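The values are calculated or read from the model by the stated rules, or taken from the named source; none is laboratory data. Note that the coordinates shown come from a computational prediction; the quantities given were computed from them, not determined experimentally. Virtual Cβ from ideal backbone geometry, glycine too; neighbours counted across all protein chains shown.
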Amino acid sequence: MSPGAILAAPLMAPAPMQITCRLEFDSGHRIPYHQSQCRHLHGHRYGIEITLSGDTIATEGSPRQGMVMDFSDVKTIAKRELVDVWDHAFLVYRGDRTVVDFLSSLPDHKTVVLPTVPTAENLAVEAFAILDQAYQDFYGNHLRLERVRLFETPNSWADAMRGGGTDG
Ligand SMILES: [Zn+2]
């Protein structure tokens, strides 16, 4: 292999690719019917990993040449649509009337009422549904959300995936 081989012609066909961004946020929750610790009001430093698929943009001279999506755009959308909404909020199941009523008695409290019990699994599904609306095929490179991985602790997480019963 000659040294010149490193300058071989660039890939002409768009290449399928996945990219992932990680963000973190702090939220309160409880699992109302849990038989142990989780029924108490408490919080977590949640992590969320957002995986998008698409073709690598091949357009010569585009600011996104060689990218599926600029990571800063991935994060901006995630923050606007989800992370800033859930950060420092209490995530509460709408059927958990005791806590819903208590939180609504607090002036200007940041509360997010959810249709499901806020386990990591259900939060991943909720986040997937919200973010799936937000990431569109902006650049004609088949961009779409593939997976949301929601960390409740550094060692425990849940994955909501396209085709896994989370899309509709
Ligand atoms: Zn918890």
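Among the residues of the range 72-116, count how many are out of contact with any His (no Cβ under 8 Å at 6 or more places or on another chain) and closer than 23 Å to GLU152 by Cα.
29
Only one of ALA120, ALA89, ALA127 is free of Cβ contacts under 8 Å to residues at least 40 places away in the same chain, of a type in the set (Gly, Ala, Ser) and surrounded by 15 or more Cβ atoms within 10 Å (Cβ to Cβ); which? It would help to see each step written out before you state the result.
On the way: ALA89 fails: free of Cβ contacts under 8 Å to residues at least 40 places away in the same chain; ALA127 fails: free of Cβ contacts under 8 Å to residues at least 40 places away in the same chain.
Unique residue meeting the criteria: ALA120.
If I go through the range 109-164 residue by residue, how many of them are over 24 Å from MET69 (Cα atoms), out of contact with any helix residue (DSSP H, G or I) (no Cβ under 6 Å at 6 or more places or on another chain) and among the acidic types (Asp, Glu)?
Final tally of qualifying residues: 1.
Okay, residues lined up against (1) in contact with a strand residue (DSSP E or B) (Cβ under 9 Å, 6 or more places away or on another chain); (2) closer than 20 Å to ARG162 by Cα; (3) charged (D, E, K, R):
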| residue | (1), (2), (3) |
| --- | --- |
| VAL100 | yes, no, no |
| LEU103 | yes, no, no |
| THR119 | yes, yes, no |
| LEU123 | yes, yes, no |
| PHE128 | yes, yes, no |
| GLU146 | yes, yes, yes |
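What's the number of the condition MET69 fails, among (1) closer than 23 Å to ARG22 by Cβ; (2) within 16 Å of the ligand (Cβ to nearest atom); (3) surrounded by 15 or more Cβ atoms within 10 Å (Cβ to Cβ); (4) of a type outside the set (Phe, Trp, Tyr)?
(2)
Which of the residues spanning the range 128-154 are away from the ligand (no atom under 16 Å from the Cβ) and either part of a helix (DSSP H, G or I) or of a type in the set (A, V, I, L, M) (or both)? Talk me through it step by step, then tell me what you get.
Taking the range 128-154 first, the residues away from the ligand (no atom under 16 Å from the Cβ) are 128-149.
If the condition is that a residue be away from the ligand (no atom under 16 Å from the Cβ) and either part of a helix (DSSP H, G or I) or of a type in the set (A, V, I, L, M) (or both), then PHE128, ALA129, ILE130, LEU131, ASP132, GLN133, ALA134, LEU143, LEU145, VAL148 are the ones that fit.
Tell me, please, whether a residue that is over 23 Å from LEU23 (Cβ atoms), aromatic (Phe, Trp, Tyr) and at pLDDT 95 or above can be found in the range 95-105.
yes
Kindly provide the set of residues from the range 24-70 that are out of contact with any Asp or Glu (no Cβ under 8 Å at 6 or more places or on another chain), under 22 Å from PRO154 (Cα atoms) and not acidic (Asp, Glu), ordered by number.
Hits for the range 24-70 are GLY28, HIS29, ILE31, HIS34, SER36, GLN37, CYS38, ARG39, HIS40, LEU41, HIS42, ILE50.
Considering the range 43-63 alone, what residues qualify as being away from the ligand (no atom under 16 Å from the Cβ) and surrounded by 13 or more Cβ atoms within 10 Å (Cβ to Cβ)? Before the answer, list the steps.
Within the range 43-63, the subset away from the ligand (no atom under 16 Å from the Cβ) is 49-63.
Matches in the range 43-63: GLU49, ILE50, THR51, LEU52, SER53, GLY54, ASP55, THR56, ILE57, ALA58, THR59.
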